[in-house]
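Scroll down for the structure; my scribbles are underneath it.
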Amino acid sequence: MSEAATFIHRFSPAGQAGHPPLLLLHGTGGNENDLLPIGGMIAPGAALLSPRGKVSEGGMPRFFRRLAEGVFDHEDVERRAHELADFVVAARAEYGIEAPVAIGFSNGANIAAALLYLRPEVLAGAILFRAMVPLPSSPVQDLAGKPVLITSGAADPIIPAANAAELAGTLRTAGANLRHEVLPTGHGLVRNDVDLAKEWLGDAFSNA
Ligand code: MLT
């Protein structure tokens with residue numbers, strides 16, 4: 001692999017048909033192993049593509065630079081989103097997989113949201129756990145009914161409710177087939193996220 005090798009990553013081929021491949025995007029301080037079990041719970045047997053973010057914040061991997069918590073370096077967000085999109089294109093060719101559904105948590109959800117803004121064609125859909133508005137601009141393309149699930153935490157200390165609602169509204173206005181659920185929880189993932197994601201993926205991609 002040439003270009004795809006520019007991200008450290010794990011790839012696990014599909015064990016059974018019926019689910020789209022998943023692009024797994026970890027949170028700050030995570031790595032390519034973090035979301036593999038959750039991917040397996042949400043879509044048993046799906047192909048899993050899981051890169052490690054290339055930005056280091058004090059040794060913690062991330063997918064783009066931030067200036068402070070919740071304050072993003074937008075130039076870096078754009079550059080890194082294109083880099084990740086190019087990786088997805090190269091990995092699809094290398095591994096022979098369809099366009100994936102992104103599943104991102106926190107920083108991983110934010111780079112997935114940036115992909116929807118800038119390179120939506122690389123994703124079949126997206127599940128965004130605890131996502132924020134990634135960029136001040138609007139999506140550059142009509143999202144043309146792309147299925148997107150956002151789950152937020154009502155007591156999330158990092159993401160203001162209005163910010164998550166703005167992201168949902170922006171994606172919906174851009175044409176996404178969007179579902180936004182606010183769960184009675186904080187920033188961390190809970191069982192309800194996984195159950196909702198599994199049900200939503202089954203409904204949205206039942207013919208995959
Ligand atoms: C981010 O930096 O993407 C968000 O603040 C979430 C986080 O990773 O803490």
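Give me the pairs: first residue in the stretch 176-204 and modelled with pLDDT of 95 or more and of a type in the set (S, T, N, Q), second residue assigned to a helix (DSSP H, G or I) and surrounded by 15 or more Cβ atoms within 10 Å (Cβ to Cβ), beta-carbon distance under 8 Å, and six or more apart or on different chains, which are they?
These pairs meet every condition: ASN177/ALA204.
Which condition from (1) of a type in the set (Asp, Glu); (2) out of contact with any helix residue (DSSP H, G or I) (no Cβ under 6 Å at 6 or more places or on another chain); (3) touching a residue at least 24 places away in the same chain (Cβ under 8 Å) is the one that ASP73 breaks?
(3)
Got at least one residue in the stretch 56-76 being of a type in the set (Ser, Thr, Tyr), surrounded by fewer than 17 Cβ atoms within 10 Å (Cβ to Cβ) and more than 16 Å from the ligand (Cβ to nearest atom)?
Checked the stretch 56-76: no residue is of a type in the set (Ser, Thr, Tyr), surrounded by fewer than 17 Cβ atoms within 10 Å (Cβ to Cβ) and more than 16 Å from the ligand (Cβ to nearest atom).
Say whether the condition of being touching a residue at least 60 places away in the same chain (Cβ under 8 Å), under 23 Å from GLU199 (Cβ atoms), buried (at least 24 other Cβ atoms within 10 Å of the Cβ) and away from the ligand (no atom under 16 Å from the Cβ) is met by at least one residue in the stretch 100-121.
yes
For the stretch 8-50, which residues satisfy the criterion of being in a strand (DSSP E or B) and either within 16 Å of the ligand (Cβ to nearest atom) or buried (at least 21 other Cβ atoms within 10 Å of the Cβ) (or both)?
Selection gives LEU22, LEU23, LEU24, LEU25, LEU48, LEU49, SER50.
Is it the case, given these coordinates, that PRO61 is part of a strand (DSSP E or B) and either under 16 Å from ALA112 (Cβ atoms) or in contact with a strand residue (DSSP E or B) (Cβ under 6 Å, 6 or more places away or on another chain) (or both)?
Against the criterion (part of a strand (DSSP E or B) and either under 16 Å from ALA112 (Cβ atoms) or in contact with a strand residue (DSSP E or B) (Cβ under 6 Å, 6 or more places away or on another chain) (or both)), PRO61 qualifies.
For the stretch 166-208, how many residues are in a loop (DSSP other than H, G, I, E, B), within 16 Å of the ligand (Cβ to nearest atom) and more than 16 Å from ASN110 (Cα to Cα)?
Residues in the stretch 166-208 being in a loop (DSSP other than H, G, I, E, B), within 16 Å of the ligand (Cβ to nearest atom) and more than 16 Å from ASN110 (Cα to Cα): 2 in total.
For the stretch 127-162, what are the residues that are surrounded by 16 or more Cβ atoms within 10 Å (Cβ to Cβ), free of Cβ contacts under 8 Å to residues at least 40 places away in the same chain and not in a strand (DSSP E or B)?
Matches in the stretch 127-162: ALA131, VAL133, PRO139, LEU143, LYS146, ASP156.
Residue check: is GLY53 within 13 Å of the ligand (Cβ to nearest atom) and touching a residue at least 60 places away in the same chain (Cβ under 8 Å)?
When the stated conditions are applied, GLY53 does not pass them.
The values are calculated or read from the model by the stated rules, or taken from the named source; none is laboratory data. In this text the structure is predicted, and so the values were computed from the model without any measurement. Virtual Cβ from ideal backbone geometry, glycine too; neighbours counted across all protein chains shown.
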